[in-house]
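Working notes for the structure below.
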Amino acid sequence: MSKLGDLGAKLYRGEVGYDFVGKRFLWYGVSILITITAIVALAVQGLNMGIEFKGGAVFTTPKTTVSVAKATEAAEKASGHDAIVQELGTGGLRIQISGLDTDAATDVKKVLATDLKVTEADINADLVGPSWGEQIANKAWTGLGVFMVLVVIYLAIAFEWRMAVAALIALIHDLTITVGVYALVGFEVTPGTVIGLLTILGYSLYDTVVVFDGLKEGSKDITKQTRWTYSEVANRSINGTLVRSINTTVVALLPVAALLFIGGGFLGAGMLNDISLSLFVGLAAGAYSSIFIATPLVVDLKEREPAMKALKKRVLAKRAAAAAKGESPDDDYASEDEPQIVAQGRPGRRR
């Protein structure tokens, strides 16, 4: 067995583990700091909305020897607006200029034909109205709202309302961080970005549900025993699925990273950045929130219950009594009438 597999097995059996829940206030602080940074970036810099949301013109040229830099300079000089120029696989150029109406687009097309040394008839010009992007944004908001409502209802039925609330907060956390990164790096927001943002919700929710499922199994009949507190069972659930969460996240991030860093960076395929950045940041944030945010939040909500407070008091009292006698707390768990907790779907062992 590999070292990672051996570690995963030990985490699953509870032989080793990290106290994620015990250090939850540290993770809360980190998340709050990151979220505040994202909000400040949004407030100060704002989002670089694409032409689909602002309106403008897109010019597609045939093959030309003019470089991207010179084409950008020519387009900005002719239009008086910022231009985004991308080289196409055919050797042509895609020139995107926001804020142009029909008359201005016609004039810019004539100038581009001269500067790029191509005929005006060979340049394809498409006008994009801002209403189209507005419709996409409205539909995205509607879809997001419906998704959130369905998630809360499903988790409340399948698990409990505390887990539904924690998952909702984690999803909002992931979206805020992803949008904040867009504001920081200045990547253009396009319909592809919207698709990427909606896609990451499923990935984020998947990791969270995996941990919640282990926690649900592990906390079954928890008040009938005095071996573990609820927070300890939650921590075992996180550790039991930790390697699985890391593996699935890494596998998902690798192709997205190829799109972002190789396709978007080295090959200059700018359109790939639209969806790949949102996926990359969202997947990483989703894995983080499922471990460090969602489950610790469930613990905070759950341990406010009188039954869980009483359980914690009994567990600590029993441990203190065992310590006073110089005994191991585990020595008291041989009783046949005490139910055994199932951790991460694994039947408890009788001692």
Full extension between TRP141 and GLU120 adds, at 0.36 nm per residue less the Cα distance, a length in nm of 3.5 nm
Given a Förster distance of 45 Å, report the FRET efficiency between VAL68 and LYS23 from their Cβ-Cβ distance, rounded to the nearest 0.05.
0.40
Cα→Cβ-extended label distance, 7 Å offset, between ALA324 and PHE261, nm:
5.8
In the stretch 292-323, trypsin sites (Lys or Arg not before Pro) in a DSSP loop with at most 13 other beta-carbon atoms within 10 Å
ARG304
Could you order the peptides 251-257, 241-247 from most to least packed, using the average number of other C-beta atoms within 10 Å per residue?
241-247, 251-257
Do the alpha carbons of any pairs in LYS220/LYS312; LYS220/LYS325; LYS77/LYS109; LYS23/LYS224; LYS139/LYS302; LYS302/LYS325 sit beyond 24 Å of each other, and which pairs?
LYS220/LYS325; LYS23/LYS224; LYS139/LYS302; LYS302/LYS325
Spacing of the two label points (7 Å from each Cα toward its C-beta) at SER131 and TYR206, in nm:
3.9
Among 67-73, 233-239, what's the highest-first ranking by average C-beta atoms within 10 angstrom per residue?
233-239, 67-73
For the stretch 98-202, with all protein chains present and a 1.4 Å probe, just round the carbon and sulfur fraction of the accessible area to a whole percent.
66
Ordering VAL211, VAL165 from largest to smallest accessible area (1.4 angstrom probe), what's the sequence?
VAL165, VAL211
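The values are calculated or read from the model by the stated rules, or taken from the named source; none is laboratory data. If you're wondering where the values come from, they're calculated on a predicted model, not measured in any experiment. Positions of Cβ are backbone-derived with ideal geometry, glycine not excepted, and every protein chain shown enters the neighbour counts. All accessible areas refer to the heavy atoms of the entire protein, side chains included, with ligands and DNA or RNA removed. Shrake-Rupley method; radii C 1.70, N 1.55, O 1.52, S 1.80 Å.
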